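Beneath this line is the structure, given in structure tokens, with notes to follow.
Throughout, read-outs are computed from the coordinates displayed, never taken from laboratory work. Note that this is a predicted model, so its numbers are computed, not measured. Please note: Cβ atoms are built from the backbone with ideal geometry, for glycine as well, and neighbour counts cover all protein chains shown.
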Amino acid sequence: MADADGVEIPEVDSVSGSGVPIRGNDIDTDQIIPARFMKVVTFDGLGEFAFFDLRFDEDDEQKDHPFNEERFQDSSVMVVNSNFGCGSSREHAPQALMRWGIDAIIGESFAEIFAGNCLALGIPTVTADAETIEELQDWVDENPDGDLEIDVEAETVTYGSETIDVTVDDAQRKALVEGVWDTTALMKSNAAAVRDTARELPYVEADAIPEAE
Amino acid sequence: MSEGTLYDKVWDRHKVTTLPTGQDQLFVGLHLIHEVTSPQAFGMLRERDLEVAYPELTHATVDHIVPTADQSRPYEEDAAEEMMSELERNVREAGIDFSDPDSGDQGIVHVVGPEQGLTQPGKTIVCGDSHTSTHGAFGALAFGIGTSQIRDVLATGTLAFEKQKVRKIEVDGELGDGVGAKDVILEIIRRLGTEGGVGYVYEYAGSAIESLGMEGRMSICNMSIEGGARAGYVNPDETTYEWLEETDYFRENPEKFEELKPYWESIRSDDDAEYDDVVRIDADELEPVVTWGTTPGQGIGITDPIPEPEALPADKQDTARRAQEHMRVEPGETMAGYDIDVAFLGSCTNARLPDLRRAARIVEGREVHDDVRALVVPGSQRVQKAAEEEGLKDVFEAAGFEWRNAGCSMCLGMNEDQLEGDEACASSSNRNFVGRQGSKDGRTVLMNPRMVAAAAITGEVTDVRELPEAEVTA
Ligand code: SF4
């Protein structure tokens with residue numbers, strides 16, 4: 001969709017790329033990007049700190065982690081387990097993953113704020129049951145160069161010779177497929193209706209409502 | 001779908017339209033901002049040449065990175081100074097009120113909003129911080145948002161959001177001695193799980209909730225997000241109105257109080273409201289709850305044994321095993337007696353005046369254990385001042401606590417207050433995630449503020465009810 005400010009919001013019908021398995025339930029945003037790396041005023045450069053404490057020990061020596069492995073360096077589809085992204089609402093978490101190179105995530109389940117933050121960046125978070133995820137993770141492990149293709153609209157993932165059904169939340173699917181996941185322009189076009197809603201609210205003082213542009 | 005609940009009513013009043021995505025566009029009545037999650041959003045606004053649409057409904061404070069010891073500017077740490085300067089520039093350019101440290105009103109965003117009367121029943125409140133759910137204690141619909149959504153709210157005064165289900169959590173009965181609001185919410189999360197609330201908003205009700213003061217209700221709503229629920233609320237009642245009447249906003253505008261009260265009454269959940277789910281909890285059965293693991297859902301009563309991972313649901317076993325290894329706890333034992341190195345009394349969950357008062361009563365006339373570093377970090381400058389005036393600072397300092405300036409501090413270790421190495425911390429905060437308090441080997445045990453005080457004194461996790469002569473009642 002063409003944004004009113006001339007910014008083009010791409011439609012995200014599908015994402016493809018090789019996968020990287022990140023195993024474990026309840027991986028919270030503090031693990032995805034530790035708070036000490038949030039002392040920044042832009043998101044640039046956050047990629048190298050993704051999963052930092054899981055990737056490096058005290059002496060900055062590499063630990064075992066898929067993000068450290070040579071074979072996954074070009075991966076763009078992350079395969080995770082349940083409740084991924086729980087905890088803090090920091091958008092730094094999906095920003096760090098995106099800047100590391102992740103374009104889509106397949107998992108058993110996602111924390112809501114995290115999934116919402118991903119959507120705002122155009123990153124699909126698609127879900128499948130535990131067994132399917134485990135198979136996918138194993139396949140990715142054995143085929144680090146193999147492509148996974150996520151069809152957002154059809155709600156399928158194709159890998160090797162298999163095509164499986166996955167679930168994409170309705171609103172997320174619409175937003176991605178129709179290219180309306182960047183909501184600023186969309187909502188700004190309703191400014192008059194917004195002012196009307198505000199006027200009907202008893203607690204909003206009249207002078208807090210801007211004049212029509 | 002729910003019907004006739006506060007959530008439904010507030011939603012309907014704030015709904016502008018339904019977007020092509022199927023999401024609703026909601027008007028935002030109060031947008032709170034702080035230094036960590038807002039600078040990028042202001043950056044995005046500048047990139048697109050957009051202005052802040054509703055600056056008067058926006059309010060800023062600084063809390064996460066602010067040093068709690070030496071606050072002279074420029075801050076010692078460059079990154080902290082840069083974030084603070086950026087916030088100062090953003091609020092100045094947009095004309096946004098800022099409770100900065102010089103105002104005497106600065107503090108953790110979720111303490112500041114309520115104490116200034118910005119938080120009110122029936123408002124939609126958002127902030128780039130997951131604990132925004134705190135403000136639901138006043139019957140507001142309040143939730144945390146990400147930075148792109150902050151940009152949306154700044155630019156349009158609205159947010160695209162999907163309506164959720166409503167679960168009523170009825171807590172009836174009376175809380176026993178030494179048991180507080182914190183224990184109620186830790187118990188709720190223990191029972192329903194850290195994901196139990198995904199897709200839901202929690203309505204907290206029942207006699208035990210109604211009998212709590214506003215601070216207790218805030219502690220409960222605060223941790224809704226730890227149970228997976230994006231928002232939690234309590235219907236407004238006389239307790240709510242009494243608090244509001246004393247705030248700056250209504251002192252300055254007393255006529256507003258009478259004017260708004262009918263609105264507040266009108267948005268209360270109807271007696272015959274329909275809920276998507278109802279859960280009941282017996283308050284009489286609760287004891288102080290402490291966590292044994294590395295998620296807020298890994299809690300147990302202080303006299304209960306730490307669970308065997310095998311006894312937990314299959315999908316929780318791995319996490320439990322890893323947590324027990326990290327915490328170095330043994331299944332079958334209780335948490336009582338677990339050695340601690342640090343006691344942290346602070347955070348938006350439990351650093352308001354009544355929290356500090358209750359803890360002070362435990363500490364009074366006692367001494368912090370030799371092996372323990374103990375700090376009190378008041379939730380706001382106002383809490384700090386009030387506590388100093390009524391002598392609480394003296395009580396804490398006499399016992400050996402450090403008395404700090406207001407901020408988030410060791411709740412997340414973004415300033416200089418951090419755990420070191422594998423230190424164990426008795427903490428009144430809300431998250432015990434690995435690395436949360438600044439050291440990835442650090443160990444956090446969540447508990448209520450009186451329990452933190454007791455642990456500071458004995459040097460180990462302690463059932464506060466067993467401290468001799470301790471005044472443990474609320
Ligand atoms: S006190 Fe802790 S939980 Fe509360 S806002 Fe600050 S960092 Fe977040």
Q. What ranking do B:202-211, B:103-112 get when scored by the average of other Cβ atoms within 10 Å per residue, highest first?
A. B:103-112, B:202-211
Q. Highest GNM mean-square fluctuation, chain A, Cα pairs closer than 10 Å: which of A:D145, A:D57, A:D165?
A. A:D57
Q: Work out, in µm²/s and without decimals, the Stokes-Einstein translational diffusion coefficient of the protein assembly as shown at 20 °C, 1.002 mPa s, Rh from Kirkwood over C-alpha pairs.
A: 85
Q: Calculate, for B:D318 and B:A79, the FRET efficiency according to 1/(1 + (r/R0)^6) with r their C-beta to C-beta distance and R0 30 Å; round to the nearest 0.05.
A: 0.25
Q. Based on Cβ point charges of +1 for Lys and Arg and -1 for Asp and Glu, what charge dipole magnitude is obtained for the stretch A:14-181 about its Cα centre, in debye rounded to the nearest 20?
A. 800
Q | Sequence ranges B:60-72, B:269-281, B:146-158, ranked by mean other-Cβ count within 10 angstrom, highest first | A | B:146-158, B:60-72, B:269-281
Q: Given the peptides B:246-258, B:86-98, arrange them by the average over their residues of other C-beta atoms within 10 Å, most packed first.
A: B:86-98, B:246-258
**Q.** Net charge over other residues, Cβ less than 14 angstrom from the Cβ of B:K316 (K, R count +1; D, E count -1)
**A.** -3
Q) Just the projected area, averaged over all directions, of the convex hull on the alpha carbon atoms of the stretch A:14-181: how many nm²? A) 9.2
Q. If we count other beta carbons within 10 Å of each Cβ, what is the order of B:R436, A:R71, fewest first?
A. A:R71, B:R436
Q) Top mean-square fluctuation among A:M98, A:M38, A:M78, Gaussian network model of chain A, C-alpha springs under 10 Å? A) A:M38
Q) If you find the alpha carbon centre of the stretch B:399-439 and of the stretch A:44-102, how far apart are they in angstrom? A) 24
Q. So if we plug the beta-carbon distance of A:D59 and B:E420 into 1/(1 + (r/R0)^6) with R0 = 22 Å, what FRET efficiency do we get, rounded to 0.05?
A. 0.85
Q) Applying the Karplus parametrisation 6.51 cos²θ - 1.76 cosθ + 1.60 with θ = phi - 60° to the phi angles of the stretch A:143-151, what ³J(HN,Hα) value in whole Hz is obtained for each residue in order, glycine and proline being reported as x? A) 10, x, 9, x, 7, 10, 10, 9, 9
Q) If R0 is 45 Å, what FRET efficiency do you get for B:E258 and B:D284 from their C-beta distance, rounded to 0.05? A) 0.70
Q. Which whole number gives the average count of other chain Cβ atoms within 10 Å of the Cβ atoms across peptide B:54-64?
A. 2
Q) In whole percent, what relative contact order does the stretch B:17-134 give with Cα contacts below 8 Å and a gap of six or more residues? A) 37
Q | Percent RCO, i.e. relative contact order, over the stretch B:95-138, from Cα pairs under 8 Å lying at least 6 residues apart | A | 29
Q. On full extension of the chain, what length is gained from B:E402 through B:E310, given 0.36 nm per residue of separation minus the C-alpha to C-alpha distance?
A. 29.0 nm
Q) If you count, for every residue in B:25-31, the Cβ atoms of partner chains within 10 Å of its Cβ, what is the mean? A) 4
(Q) Over the Cα atoms of the stretch B:1-287, what radius of gyration and what Dmax do you get, in Å? (A) 19.0, 57
Q) Relative contact order, percent, of chain B when contacts are C-alpha pairs under 8 Å separated by at least 6 residues? A) 17
Q) B:A60's amide H: which non-local residues (gap 5+, or another chain) put their own amide H closer than 5 Å, with H modeled 1.01 Å from N in plane and none for Pro or chain starts? A) B:I33, B:D97, B:F98, B:S99
Q: Enter the mean number of other protein chain beta carbons within 10 Å of the beta carbon of each residue in B:158-167, as an integer.
A: 3
Q) Ranked by Cβ crowding within 10 angstrom, fewest neighbours first, how are A:S14, B:S266, B:S99, B:S409 ordered? A) B:S266, A:S14, B:S99, B:S409
(Q) Give me, ordered by chain and number, the residues 5 or more places off A:S18 or on other chains with an amide H under 5 Å from its own placed amide H. (A) A:S76, A:V77, A:L148
Q. Which lysines does B:K182 reach when only Cα atoms under 21 Å apart count, and residues fewer than 8 places away in its own chain are ignored?
A. B:K168
Q) Helix A:130-142: angle to the longest alpha-carbon principal axis of chain A, degrees 0 to 90, nearest 10? A) 60
